[in-house]
Amino acid sequence: DIIVEEFSPAIPTFLPFLTDKPIVLQVQGYTGKLYFNKYNLFFASALNLMEQLRPKFYRNLIFVSPDTSKKFVLRKDSYVKFISNGISSDLLKLSPSEGDYLLYLGRIDIYGKGLDILLKAFEEFYKSFPDIRLVIAGDGRDMDEFNSMLMDLPEDVRGKVELLGWVSGERKAKIISNALFVVFPSRHEVQSISTLEAMACAKAVIASDLAGFNFVTDNRAGISFKTGDAASLAHAMRNCIMSNERNEMGKRGREWVKDFTWDRIALKYEGFLEDVILSWKQKCNFMNSKKA
């Protein structure tokens, strides 16, 4: 009845030219000029061009936020729906506690996720709080390079950094729930599911001051820092440790994110697909009646 395509600039499908069925393009994010910081000039140029051109061929689109959609030039007759990422309702039931560590949860993408900034900030933070660890949960293509960066840290600082690899399910929930707070130092972000999960676990969040993290500061659920600035991040980390409001930040975040369970998101998603199918059928009936 309908085709949903996950947008990837690297994989042009040409679906609008291959089928008469209604198609929905689901756009999770926008990379733009950051491609040139990650790839060679030829590949980055091709990706940047595809990212700009391809959405223009689709009428029905899903974005996770209005800020994301503003990055693209769309058709005048486009039908756009904003459907957020979500969280498991089970996370809202957990009772948070505090261990002896800060947590980063996400993909091991050094530049995009700002992990180089995180290590520099933690090295500075460690001078004031040597008993607090940094736990990093996640995996990715930059793991070997990241391990090399860890080896460049002073031995005492390196001993306070723990790599857990990929985590999921109950283990992930427990790791989040026991953290002092969760850090997201990204240079580029749209709407991080890990951030929503941290808020669902009633944890304060420290995030870079990107538009994709506005929901954190808008709901007073955490602290922002200047994107790409290790000193600013270290300052925010110290403030969060010393703040009496850390637990209140977590409570406010949980209160806001409770409306973003996957069940609620699924109902919005289903409603949009039904609208697209109905519109397509009405158009087909109209065209058939004109031919008759």
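The values are calculated or read from the model by the stated rules, or taken from the named source; none is laboratory data. Bear in mind that the values here come from a model prediction, so they are computed numbers and not experimental data. Cβ coordinates were reconstructed from backbone atoms using ideal geometry, including for glycine residues, and neighbour counts include every protein chain displayed. Please note that ligands, DNA and RNA were not included when accessible areas were found on the heavy atoms of the full protein model with its side chains. Shrake-Rupley method; radii C 1.70, N 1.55, O 1.52, S 1.80 Å.
Here are a few things to note about the model shown:
- Of the candidates Tyr39, Tyr58, Tyr35, Tyr30, the single residue that is in contact with a Pro (Cβ under 9 Å, 6 or more places away or on another chain), under 21 Å from Lys113 (Cα atoms) and not basic (Lys, Arg) is Tyr35.
- Contacts under 9 angstrom Cβ, first residue in the range 270-292 being more than 19 Å from Val4 (Cα to Cα), partner open to solvent by 70 Å² or more (accessible area, probe 1.4 Å) and at pLDDT below 90, 6 or more apart: Cys284/Asp20
- Residue list for the range 121-140, filter: closer than 17 Å to Arg187 by Cα and surrounded by fewer than 19 Cβ atoms within 10 Å (Cβ to Cβ): Gly140
- Residues (closer than 30 Å to Val135 by Cα and aromatic (Phe, Trp, Tyr)) located in the range 231-283: Trp256, Phe260, Trp262
- Across the range 121-142, the number of residues qualifying as of a type in the set (A, V, I, L, M, F, W, C) and assigned to a strand (DSSP E or B) comes to 4.
- Helices (runs of 4 or more DSSP H) enclosed by the range 1-120 - at least 2 residues per element that are among the hydroxyl-bearing types (Ser, Thr, Tyr) and open to solvent by less than 40 Å² (accessible area, probe 1.4 Å): 66-69
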